[in-house]
Amino acid sequence: MVVMEPLAWYLPDGKLSPALAAEVPTRDNGGIASDGKSITWKLKQGVKWSDGSDFSADDVVFTAQYCLNEKTACGTAANFQGVDKVEAVDKNTVKVTFKAANPNPYQLFVSDSGQILQKKQFQDFTGEKAKDAPGNLAPIGTGAYKVKEFKPGDVVTYEINPNYRDANKPFFKEVQIKGGGDATSAARAVFQTGEADYGWNLQVPWTVLGPLVQSPSSKGDLVIATSSNVERLLINFADPNTEVNGAKAEPNTKHPILTDLKVRQALALAIDKKKIAEQLYGQAGVATCNIVVGVPAYESKNTKCDQDVNKANALLDEAGWKRGADGIREKDGKKLKLLYQTTVNPVRQATQDLIKADWAKVGVDTELKSINSGVFFSTDEGNPDTSGKFYSDIEMFTNGSVDIDPINYIAGWTCKEMTSKANGWRLGNPHRYCNADYDKIVDQLRTELDPAKRNDLIIKANDILINDVVVIPLVARTSPTSGKAKDLKGPLPNPWSGEPFNIADWYK
């Protein structure tokens, strides 16, 4: 977002604003075909990549080809579902044709997941070579900045892109994004000491964050907005302890405990979500029963998630898990023990502690594991602790739709999105959950044009995931939950695009 750009960004109100496009295509301006089967993007002319070369339709077409190659294991491959072809009409025009009428023609090339790659930089690194591309760490972009120095796990330093299309922007000569620290220190650096201009994803217990924000001497302002983001527990349907062809948790294995629906239901019922939200999130989140949130029309009213320890215990009894002398349940000589992993973060560790205590009430022995976020969210194929590998029983993080229309987000639970060694663990379904009925709903969503019917399908998809206990939603989080220096102007609380999407407009 600092370096690379999509064709358009979603704004806080959910409307699209051109980035590399000259305008947003609509039916009124002729950009979207009347039959819904194609969308034509007119590109801004005169745009340069940071290396001085021309940006053109060829780069957009290449980006599509890069992600349509299954061996690339593109992280945004779901955006290209249903695409028939992407072609350059001319140097400054791109046409996307869909296999059928598409109710969401903006599903690709838009916002965070739609950023355009430079063909020249990546054309020799498609397919299986993608992971070795030098551009992965130093991409050439069209944004306001370019990478000056990147120290993995530490800091990225950006400098002004001398070829940026607006000669009067950006304001700051240099931008540093510091990683590897902790959220509490980042919050103090913004609100208390003023050492930082911006603090991202301040997942800090509200008992700590609230006083920092509300203090009369605070040097910063809280940046929050209602969003689609949900802190959730992911259930592993594969066996994380059985190795198959050099990898664990492969889709063709079954979890020895969690494939039992009653066990999953018991785990969900045992959790006090309200306590988690109220004690740890405060203004930054509310307890939720749904995995699709943020747009009222899409939120299911069919789900319930109040804590019920008695019912949870009854379900485990029915499933054959009996308490041993130590209070931990056993079945067929095996203890009901689960490994629960997440990132190193004070709110997440506090959440782990609360859930471990809740699960102890129903006889579950829970082992907690915390992993550096730089490792957990990486695609490092040599590291066993990434969220994509999911070599544990339960893992926890936040995710949500980056588009107003949640089709690509919902598609993340389809069979074809299951992560595995074969796809470099880069796809969107680390649960390894596969349900043909669910996939049919997603397929219907890709072609259903009627808004009311789409709403119903979205709710049905949500309800399958909740009733099957594929995922246990905990807290609907504000996004961003960040802090900015009081004298920093320009940042917008935008739930649909990454926070620095408009960094060219930031100033003091």
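A few notes on this one:
- Among the residues of this structure, residue 250 counts as one that is over 17 Å from residue 354 (Cβ atoms) and of a type in the set (Asp, Glu).
- Residue pairs whose Cβ atoms lie under 7 Å apart, separated by 6 or more positions or on different chains, with the first residue in the stretch 492-508 and among the polar types (S, T, N, Q) and the second surrounded by 19 or more Cβ atoms within 10 Å (Cβ to Cβ) and assigned to a loop (DSSP other than H, G, I, E, B), are 497/111.
- Hits in the stretch 359-380 (condition: assigned to a loop (DSSP other than H, G, I, E, B) and not β-branched (Val, Ile, Thr)): 361, 363, 372, 377, 378, 380
- Residue within the stretch 462-478 that is in contact with a strand residue (DSSP E or B) (Cβ under 6 Å, 6 or more places away or on another chain) and part of a helix (DSSP H, G or I) present: yes
- Qualifying residue in the stretch 176-192 (condition: closer than 30 Å to residue 46 by Cβ and surrounded by 13 or more Cβ atoms within 10 Å (Cβ to Cβ)): yes
- Annotation: of all residues in the stretch 128-153 being among the small types (Gly, Ala, Ser) and within 18 Å of residue 503 (Cα to Cα), the one that is surrounded by the fewest Cβ atoms within 10 Å (Cβ to Cβ) is 143.
- Members of the stretch 41-78 found to be among the polar types (S, T, N, Q) and within 27 Å of the chain's Cα centre (by Cα), listed by number: 63, 65, 69, 72, 76
- Scanning the stretch 306-348 for residues that are in a strand (DSSP E or B) and not basic (Lys, Arg) yields a count of 7.
- Entry remark, the stretch 429-441: residues being free of Cβ contacts under 8 Å to residues at least 24 places away in the same chain and either more than 17 Å from residue 408 (Cβ to Cβ) or surrounded by fewer than 15 Cβ atoms within 10 Å (Cβ to Cβ) (or both) number 2 in total.
Yes or no, residue by residue, for (1) out of contact with any Lys or Arg (no Cβ under 9 Å at 6 or more places or on another chain); (2) outside any strand (DSSP E or B):
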{"site": "138", "(1), (2)": "no, yes"}
{"site": "146", "(1), (2)": "yes, no"}
{"site": "158", "(1), (2)": "no, no"}
{"site": "167", "(1), (2)": "yes, yes"}
{"site": "177", "(1), (2)": "yes, no"}
{"site": "190", "(1), (2)": "no, yes"}
{"site": "202", "(1), (2)": "yes, yes"}
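- The residue that is surrounded by the fewest Cβ atoms within 10 Å (Cβ to Cβ), among those in the stretch 115-127 that are assigned to a loop (DSSP other than H, G, I, E, B) and more than 23 Å from the chain's Cα centre (by Cα), is 124.
- Filter result for residue 96 (in contact (Cβ under 8 Å) with a residue 60 or more places away in the chain and touching a strand residue (DSSP E or B) at 6+ places or on another chain (Cβ under 8 Å)): no
- Residue 245 being touching a residue at least 60 places away in the same chain (Cβ under 8 Å), of a type in the set (S, T, N, Q) and surrounded by fewer than 17 Cβ atoms within 10 Å (Cβ to Cβ): yes
- Criterion (at positive phi and free of Cβ contacts under 8 Å to residues at least 12 places away in the same chain) met by exactly one of 363, 382, 333, 327: 333
- Taken over the stretch 381-426, the criterion of being outside any loop (DSSP other than H, G, I, E, B) and over 30 Å from residue 11 (Cα atoms) is satisfied by 394, 395, 415, 416, 418, 421, 422, 423.
- Residues being under 12 Å from residue 407 (Cα atoms), within 23 Å of the chain's Cα centre (by Cα) and in contact (Cβ under 8 Å) with a residue 24 or more places away in the chain - total across the stretch 442-463: 9
- The one condition in (1) charged (D, E, K, R); (2) in contact with a Ser or Thr (Cβ under 7 Å, 6 or more places away or on another chain); (3) at pLDDT below 95 that residue 463 fails to fulfil: (3)
The values are calculated or read from the model by the stated rules, or taken from the named source; none is laboratory data. Bear in mind that the values here come from a model prediction, so they are computed numbers and not experimental data. Ideal geometry is used to build each Cβ from the backbone, glycine not excepted, and the neighbour counts take in all protein chains shown.
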